[in-house]
Structure formats: C-alpha cells, structure tokens
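**Student:** Quick one: structure below, then a few questions.
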Amino acid sequence: MKSVIIVGAGIGGLCLAQGLAKAGIGFEVWEADAGPQVRGQGYRLRIDAMGQRALRQCLPPELFELFRASCAVSGPARFVDPQLNPLPGRRPENWRENAGEGEADGDLSADRQVLRDILSHGLAPRIRWGRRAKGFERDGDGVVVYCADGAEHRADLAVAADGLHSPLRRQWLPQAEPEAIGALNLYGKAVLAGVDPALLDGPTVVFADGFTLVIELMRFGASMETLATRHAPDCRLSPVVDYVYWALFGRMECLGGALSNEAGDSVRRRVEDAARGLHPSLSALLARTAPETIKGREVRMAGNVPVWPSGRLTALGDAIHAMSPAGGVGANTALADAAALAASLAEGDVGQAVVRYEADMRDRAEQALAATRAGTERLLRRA
C-alpha cells in the first residue's frame with residue numbers, strides 16, 4: 001500500500017489528491033494555512049483543454065460536471081489600445097476563446113475559490129491544515145518529512161506542491177529558485193453596477209505602454225448552491241456573485257516600482273496611477289474596485305526545469321516550474337502534472353512511476369515555459 005504526502009493544498013496538490021483517491025492510493029495533504037478560508041485565493045482562472053482533461057481524469061464525474069457548470073459564461077475577446085480602439089494585429093496567435101454557453105470546446109473561466117472548493121470535496125479527513133513542512137531526508141525506499149512543529153512523518157513519496165516558496169524545493173534544488181523578471185501583476189474585482197456594457201460582452205485585452213490590462217466579466221449561470229444541488233448535492237461551494245475581474249500585468253517601473261508588503265490603499269494608488277490616460281470606461285472600472293479586493297505580487301519565473309536523480313521526493317506546478325501569468329498556462333500545467341503523477345503512481349512501483357512522471361513533466365513544463373516567455377514579451381511591450 002503506497003503512502004504519499006502532498007505538501008500544499010492549492011489546485012495542483014488537491015487535483016493530485018483527487019487522482020490518488022480515485023486510484024485507491026493512500027495520501028495526506030499538508031497545508032501551512034490554518035484553514036481553507038484563511039487568505040484570499042485569487043479570482044478568475046482560465047482552464048484550457050489540458051487543464052480540463054486533467055480535471056476530468058482526477059475528479060469523480062459529478063464533480064467534473066459541477067466544475068463545468070460553475071464556470072462563467074463569456075463571449076469572444078477583443079484586443080484594443082488604451083482608448084478602446086481595435087488592435088486586431090495584437091491578437092496572439094495562440095489565443096483561445098472561452099467556450100460558449102453549452103459548448104464543449106474552448107477555455108473555461110473558473111472562480112479560483114470555487115474550483116478549490118470542488119477539488120477539496122471529500123478530502124477533509126485527509127487534509128492536515130496548519131501543518132507546515134520545513135525539510136526532508138531520504139530514508140531508504142521512502143522519505144521523512146519534517147514539520148515546523150518538530151514532528152516527523154515517513155511516506156513512500158513526498159510531493160512538493162506548495163508553490164513559489166516551497167521549503168522542500170529550496171532544500172532539494174536551490175538552483176531552481178524562480179527569478180524575478182522585473183514585472184508586477186496587480187489584480188482585483190469590481191461589482192457590475194455602473195460598468196460600461198461594452199466591457200461585459202467578453203474578455204477585453206488592453207495593450208498600453210509597458211503593461212497590459214485584462215478585463216473579463218465573471219457571470220455565472222446560477223447560484224453556486226443551486227449548481228451544487230443539481231450536480232453534487234453534498235458539495236458546499238463558497239457563495240459567489242457575478243463580478244468583473246481585471247488584472248494589470250506590466251513592467252515594474254510602469255506600475256510603481258518594486259512591491260514590499262503593500263496592500264489595500266497602497267496598491268490601489270499604483271492602479272490609479274496606471275489608469276491615467278486610459279479610456280474613461282477603463283479608469284472608472286479600476287476606480288470603482290474596492291481596495292480590499294486589490295492584490296499585487298511580483299512576478300517570478302523559472303529559468304528552466306533542472307535535471308536531478310529521481311527519488312522519493314518530486315514536485316509539481318509552481319514549486320518546480322513557476323510561470324508568469326502571461327498565456328494562462330501555469331495553473332493548467334500544474335493540473336496536468338497532477339493528473340500525470342496520479343496516473344503513473346496507479347500503474348505500480350513508486351520509483352518507476354516518479355521516473356516516468358518527471359520525464360513527462362519536464363517536457364511539458366519546458367514547452368509551457370517557452371510559451372509563457374513569448375507571451376510575457378508581448379504583454380510587456382513598450383509602445
């Protein structure tokens with residue numbers, strides 16, 4: 001009977017947990033946060049065909065259908081300059097339109113917290129909230145993971161799924177630390193009241209000088225309670241009302257310089273400065289956003305995925321191949337990692353499974369990193 005410790009209860013770690021549960025493999029999920037609602041999880045996530053395949057593979061059918069039903073309904077995207085003049089020539093070659101209502105093909109726009117609720121469903125007995133991993137030691141055909149509280153736990157495999165600042169990755173592969181790329185991502189959400197209707201038809205991508213503003217209406221077909229009742233009655237989803245998601249992705253010098261531990265009004269002032277010179281509909285949307293919903297982070301990205309001798313510790317998602325938000329590939333690659341690792345472990349020997357998974361993950365991640373680098377250059381272009 002295999003035993004797996006998954007460090008991190010983000011969407012990648014939870015997707016892996018669902019895949020292991022489906023395969024009958026024993027696991028625990030460790031999460032440093034004290035509970036699922038301790039901190040905000042962000043807002044909109046675009047889930048592409050790769051991410052959807054991973055979710056279909058790992059989730060029970062009723063939860064996968066709930067995921068699809070819980071995603072926002074959206075129209076085709078438009079690409080414009082800061083005054084909302086069309087820029088069809090700036091449409092990226094690899095842009096993927098959202099699936100229309102009732103359509104099977106296309107990207108899906110999910111609320112991050114709702115997706116995490118779905119991925120958490122049924123796993124409560126196996127999630128250890130408030131358990132922070134701080135290091136590890138190889139132990140024969142297994143691994144010992146050390147907790148911040150001094151406890152030690154042994155497993156056949158440990159999986160670092162705890163993001164950019166993974167302590168396990170820092171001990172194991174210090175050379176894989178993600179590098180700052182000189183960019184910031186500022187994002188928030190606004191209520192629909194008073195928003196220019198032209199911004200509600202589909203995603204709007206605004207190319208400015210040194211930064212890009214992405215806007216998307218998150219309109220849900222029904223309340224989350226109603227959707228859960230239809231598809232998975234015992235699943236409890238966070239209540240979410242329709243909102244407008246936006247994100248400013250730009251060069252650090254164009255968005256106010258380096259971030260420290262800023263939040264609320266401080267980050268909002270950066271947004272207000274960036275809004276000067278934008279079309280009144282755009283600046284009004286940003287001004288209408290409640291300060292407490294505005295978040296900001298420095299963008300870091302892996303240079304590559306290093307090669308290492310496979311063993312009883314592995315990693316997925318941002319813990320090993322952090323990406324910029326450009327292209328929307330980071331979350332999808334993490335989901336694909338999770339599905340691939342679950343499938344490999346279901347086939348037999350842990351050691352062989354890790355070798356297969358890491359070869360697959362490395363190929364997928366290098367392709368995704370190349371795509372997100374190209375996308376980053378497009379979005380940060382100076383006029």
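The rows are residues; the columns are (1) at pLDDT 95 or above; (2) of a type in the set (A, V, I, L, M); (3) touching a helix residue (DSSP H, G or I) at 6+ places or on another chain (Cβ under 9 Å).
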| position | (1), (2), (3) |
| --- | --- |
| ALA176 | no, yes, yes |
| ALA198 | no, yes, yes |
| GLY202 | no, no, no |
| ASP209 | no, no, yes |
| PHE220 | no, no, yes |
| ALA232 | yes, yes, yes |
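**Student:** Looking only at the stretch 230-260, how many residues end up being in contact with a Pro (Cβ under 9 Å, 6 or more places away or on another chain) and under 18 Å from GLU272 (Cβ atoms)?
**Tutor:** 2
**Student:** Please state which of the following conditions ILE181 fails to meet, knowing it meets all the rest: (1) among the aliphatic types (A, V, I, L, M); (2) more than 29 Å from LEU59 (Cβ to Cβ); (3) out of contact with any strand residue (DSSP E or B) (no Cβ under 8 Å at 6 or more places or on another chain); (4) surrounded by 15 or more Cβ atoms within 10 Å (Cβ to Cβ).
**Tutor:** All conditions are met except number (3).
**Student:** Exactly one condition in (1) touching a helix residue (DSSP H, G or I) at 6+ places or on another chain (Cβ under 6 Å); (2) more than 23 Å from ILE181 (Cα to Cα); (3) modelled with pLDDT of 95 or more is false for GLU358; which is it?
**Tutor:** All conditions pass for GLU358, except number (1).
**Student:** Within the stretch 68-117, track down each residue that is surrounded by fewer than 16 Cβ atoms within 10 Å (Cβ to Cβ), touching a strand residue (DSSP E or B) at 6+ places or on another chain (Cβ under 8 Å) and among the aliphatic types (A, V, I, L, M).
**Tutor:** LEU87 - this is the single residue of the stretch 68-117 that is surrounded by fewer than 16 Cβ atoms within 10 Å (Cβ to Cβ), touching a strand residue (DSSP E or B) at 6+ places or on another chain (Cβ under 8 Å) and among the aliphatic types (A, V, I, L, M).
**Student:** Kindly list the number of the only condition in (1) assigned to a helix (DSSP H, G or I); (2) loosely packed, with under 15 Cβ neighbours inside 10 Å; (3) touching a strand residue (DSSP E or B) at 6+ places or on another chain (Cβ under 7 Å) that fails for PRO125.
**Tutor:** (3)
**Student:** For the stretch 196-247, name all the residues that are buried (at least 21 other Cβ atoms within 10 Å of the Cβ) and among the charged types (D, E, K, R).
**Tutor:** Selection gives GLU216 alone.
**Student:** In the stretch 248-294, which residues are within 26 Å of GLY75 (Cβ to Cβ) and either among the hydroxyl-bearing types (Ser, Thr, Tyr) or surrounded by fewer than 19 Cβ atoms within 10 Å (Cβ to Cβ) (or both)? Walk me through how you get there before you give the answer.
**Tutor:** Step one: of the stretch 248-294, the residues within 26 Å of GLY75 (Cβ to Cβ) are 248-250, 271, 274-275, 278-290, 293-294.
Correct list: PRO280, SER281, SER283, ALA284, ALA287, ARG288, THR289, ALA290, THR293.
The values are calculated or read from the model by the stated rules, or taken from the named source; none is laboratory data. Model, not experiment: these values are computed from the prediction. Every residue, glycine as well, gets a Cβ built from its backbone with ideal geometry; the counts of neighbours run over all protein chains shown.
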